[in-house]
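The structure appears below as structure tokens.
The values are calculated or read from the model by the stated rules, or taken from the named source; none is laboratory data. Predicted model only: the values in this text are computed from it and were never measured. Virtual Cβ from ideal backbone geometry, glycine too; neighbours counted across all protein chains shown.
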Amino acid sequence: MRIDIISVAPDLLESPFNHSIIKRAKEKGLAEIVIHDLRAFGLGNYKQIDDTQFGGGAGMVMMIEPIANCIRKLQEERDYDEIIYMTPDAPTLNQSTANTLSLKENILILTGHYKGVDHRIRTLFITKEISIGDYVLTGGELAAAVLVDAVVRLIPGVIGDEQSALTDSFQDNLLSPPVYTRPSNFEGSKVPEILLSGNFPKIEDWRSDQAYERTQQIRPDLLK
Ligand code: ADE
């Protein structure tokens, strides 16, 4: 999968993709992530990318031309399956969206700053809008990093033990059951007996029950 990201703060996106699973996905050639500095498409000597809003109001708006020029330049190289805008006023990211995106070949992600982008970018170019939650970040970069992380680990072949991604929380709309490792007794606090029993069908039943109970307690909305 190829992921292009347009940003006015490209250095914010350097470190998140150079660790552990995402780094290995890149090394294995399963994911290619390229960051593009929007400033390079800025207008005039000052490489302007934002301006005051029509109609008045606080906050700058990202101008349409630099973004349109950047997107069009990238589109000359490849067809994008989705052009995604990271913004808080959008449907919230969930595992189902991450699963769907992990099967795409080319994704372009636009990150916003300030008051956001000129709305015409959204109507003319963007095919999907994603929020990572009901709070406002300084810019879309960290949101894009969250999206890319959630998607890339699901690309077939990225996680060695395929089972591991399939048993994550949310894969079947349930939270994960609790997990334990050695020691089986920490200062009197013991691991549930069933996990030491070696009875794997029973252990699976226990895990399913726990997943359901935890979901009912912590995120009952997922069961609706
Ligand atoms: N940009 C700023 N806040 C955001 C959020 N919550 N989700 C996605 N992009 C954002």
Failed item in (1) of a type in the set (A, V, I, L, M); (2) touching a residue at least 60 places away in the same chain (Cβ under 8 Å); (3) touching a Ser or Thr at 6+ places or on another chain (Cβ under 8 Å); (4) more than 17 Å from V152 (Cβ to Cβ), with M1 passing the rest: (4)
Matching residues in segment 101-127 (more than 14 Å from the chain's Cα centre (by Cα), within 13 Å of the ligand (Cβ to nearest atom) and among the hydrophobic types (A, V, I, L, M, F, W, C)) number 2
Regarding K23, is this residue farther than 30 Å from D172 by Cα and more than 16 Å from the ligand (Cβ to nearest atom)? no
I'd like to verify a number: residues in segment 67-87 that are within 16 Å of the ligand (Cβ to nearest atom) and in contact with a Leu (Cβ under 6 Å, 6 or more places away or on another chain), how many? 2
Are there any pairs, at least 6 apart or on different chains, whose C-beta atoms fall under 6 Å, with the first in segment 30-45 and under 30 Å from L154 (Cβ atoms) and the second among the charged types (D, E, K, R) and modelled with pLDDT of 95 or more, and if so, which? E32/R2; V34/D4
Residues in segment 15-33: is at least one touching a Phe, Trp or Tyr at 6+ places or on another chain (Cβ under 8 Å), at pLDDT 95 or above, hydrophobic (A, V, I, L, M, F, W, C) and part of a strand (DSSP E or B)? yes
All conditions in (1) in contact (Cβ under 8 Å) with a residue 24 or more places away in the chain; (2) farther than 22 Å from D172 by Cβ; (3) of a type outside the set (D, E); (4) more than 8 Å from the ligand (Cβ to nearest atom) are true of Q95 except (2)
Test for L154: is it within 14 Å of the ligand (Cβ to nearest atom) and touching a helix residue (DSSP H, G or I) at 6+ places or on another chain (Cβ under 8 Å): no
Here is a list of conditions, (1) within 20 Å of A144 (Cβ to Cβ); (2) in contact with a helix residue (DSSP H, G or I) (Cβ under 8 Å, 6 or more places away or on another chain), and H19 meets all of them except one; can you say which number that is? (2)
Take residues that are crowded, with 16+ Cβ neighbours inside 10 Å and either among the hydrophobic types (A, V, I, L, M, F, W, C) or out of contact with any Gly (no Cβ under 6 Å at 6 or more places or on another chain) (or both) and tell me which of the helices (runs of 4 or more DSSP H) falling wholly in segment 69-171 contain 3 or more. 95-101, 141-152
